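First up is the structure itself, then whatever we jot down about it.
We did not get these values from a lab; they are worked out from the coordinates using the rules stated. Just so we're clear, the structure is a prediction, and the values are computed from it rather than from any experiment. Note: ideal-geometry Cβ built from the backbone for every residue, glycine included; neighbour counts use all protein chains shown.
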Amino acid sequence: GMARQGVLLQRLDAIEVLARARHVVFDKTGTLTEDRPTLAGVRVRAAARGWDEAALRAQAAALAAWSQHPLSRAIVAAGAAAPSPAPAWREVQEHPGAGVEAVDTQGRRWRLGSAAWAGGEAGDDAVLLACDGTVLAAFDFEETLRAGAAEAVAQLQAQGVQVTLLSGDRASRAQALATRLGIARVHAQATPEDKLAVLKALQAEAGPVVMVGDGINDAPVLARADASLAMGQGALVARAQADAVVTSSRLADLVLARGRALRAVALVRQNMLLSAAYNATCIPLALVGWLPPWAAGLGMAASSVVVILNAQRAAR
């Protein structure tokens, strides 16, 4: 049933955890938001004498083409129609977590990356383009909420489930997204080690915790969670560590899967009660001779049929 609903289980006992858990932790990028940000605008600095916005876009796109970072890909996509020919770079280097730098044919050193690294003001969320240490332009981005994210969070909270946002992104971006979604608990700028520490603290506080994530950095925390789900388009490492994969990548299917898990657990309990009721009633009667063997056998078969029919309600 869950597979038809877009959730592929890789560990069956995750059903019980999904039903019992009162706390769900979401990663941000690629989970609550699309994993591809879009360029929202370019702010040309006063120091960019002789450079117009189109030329700066083209220069940034040519430099960003050397990187596979999502923000770099967004700049390349936005500058795809730029008429300027791509410059010839040398000494190209990508610095993880910082940006890309290279030297052009005139010997000028260019940097495209975070504010602290490219020479801007600390705390600026924009990606900056700098030449020989002078910032020429700031590139602003916007995140797109994944379809159904707000509804899924609201439905989980209406069911009494606590929701936490756990992200490695900047605090300002994480808090802005949490505000849009109505999520009160936010842990931002979290390293993989920080994410594990937060998860352990939540488990000690609230019992079983479900983690929903995407990407290689989420693999350790997915493995630590009591039950974990990975988005279908996420990294292979994350999917390998998860107990279930949301193959449809629709967060609404996570809520439906939890509903199915609740019904499945309820049916299991009903079947256990039915079996216990039969055994408690018929076995003593058979022992004292008040229930003939043929009636006991018929009753056992009938109880098994009832249990099977009741279990088939889950499929319907």
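How would you classify the range 23-170 from its alpha-carbon gyration tensor, with a ≥ b ≥ c the square roots of the eigenvalues: rounded for a/c under 1.5, else prolate if a/b is greater than b/c, otherwise oblate?
Verdict is prolate for the range 23-170.
Compare the peptides 54-62, 108-116, 23-31, 37-45 by average per-residue count of other Cβ atoms within 10 angstrom and give them in order, highest first.
Packing proxy ranking, top to bottom: 23-31, 54-62, 108-116, 37-45.
Could you tell me how many cubic angstrom of Cα convex hull volume the range 95-148 has per residue?
About 98 Å³ per residue, rounded to a whole number.
So what are the three principal axis dimensions of the range 137-201 from its Cα atoms, in whole Å, longest to shortest?
The principal-axis extents, from largest down, are 46, 29, 16 Å.
Please list the non-local residues whose amide H lies under 5 Å from the amide H of THR33, H modeled 1.01 Å from N, same-chain partners needing a gap of 5 or more.
Long-range HN contacts for THR33: ARG146.
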